[in-house]
Amino acid sequence: MPIVVNLDLMLVKRDMKSKELAQIIGITTANLSILKSGKAKAVRFSTLEAICEALDCQPADILEYVED
Amino acid sequence: MKLLITIKNYCLSIIFIYLLLLNNNKMKKIKFLHYFVIALLLINIIWFLRYIYYQPKFHKLFFNIAEVQNYAPYKDVNFLVDMFFYLLTIVGLFFIHLGLYDFIKKGFFNTKSYSRSRRAALLFVISGSFNFVFHVVNPLFKGRNFFELFIGNDFLILVLGIGLYVLADLVQNGNVLKQENDLTI
């Protein structure tokens, strides 16, 4: 898929673990793993909002468009 | 006395309708359907064996002796053709039973129910179409009157088969929607 999720990168920058982020935004680690691996079909605005708030970043820092 | 029996039959019918249609529990309806399909499957298997397993002693359970003595089905090609398509219908019923079992165990949307419904549909469509040709189209070519022929059963199986195809497509569509919903974070 041409949309790449750079959540791992942001987590390293903020020195935060996946488990912590999952707890803060209120989703399971399994779902966060689906999001990180790019298997997710869609992201809810509410989830995106929570991630941005927790990592103190913009949606563009997490999502990137890369041509195939 | 007759009036009492009629009233009893009406009451039983109303209870039956209540249990089947007016009950809001969806899984209960599917369970009812499952039991009906199992019953139909068993009845059809016994009926099939009754036809295939030709033994006078066995047949005396179902026919009177005079009929048994005149009963020689294997000489008739139509009998073997009928039995073959009857068997297809029974296998189709078995797949419906498996599909319903998966509905009950795994919920409405699962891939197994889809594939089993499609298999049952295919068998029913084959069985219904060929039976229709053998029982309706062939006799018509031989000069039989259309209104003498009984086409209800064959058409019913054909319509059931096509209906199952539609149901299978609906289930598949639901599967895709469910998967997308599950993968929306």
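Of all the C-alpha pairs in chain A, what % are more than 15 Å from each other? Present the calculation step by step, with values, prior to reporting the outcome.
Details: 1094 of 2278 pairs.
So the portion of pairs separated by more than 15 Å is 48 percent.
A DSSP coil position with no more than 10 other Cβ atoms inside 10 Å describes the following trypsin sites (Lys or Arg not before Pro) in region B:115-174: B:142.
Chains A and B together bury some 700 Å² of accessible area, summed over both sides, with a 1.4 Å probe. The stretch between residue B:178 and residue B:153, if pulled fully straight at 0.36 nm per residue, gains 5.4 nm over its current Cα-Cα span. Okay, which of region A:1-28 sit inside 16 Å, backbone N to the point 7 Å along the Cα-Cβ direction of residue A:56? Flagged as within label range: A:10-17, A:21. In this structure the amide hydrogen of residue A:63, modeled in the peptide plane, comes within under 5 Å of the amide hydrogens of A:6, none closer than 5 places in sequence on its chain.
The values are calculated or read from the model by the stated rules, or taken from the named source; none is laboratory data. Just so we're clear, the structure is a prediction, and the values are computed from it rather than from any experiment. Glycine gets a Cβ as well: all are built from the backbone with ideal geometry, and neighbour counts include every protein chain shown. Calculation scope for accessible area: heavy atoms of the full protein, side chains included, ligands and nucleic acids excluded. Shrake-Rupley method; radii C 1.70, N 1.55, O 1.52, S 1.80 Å.
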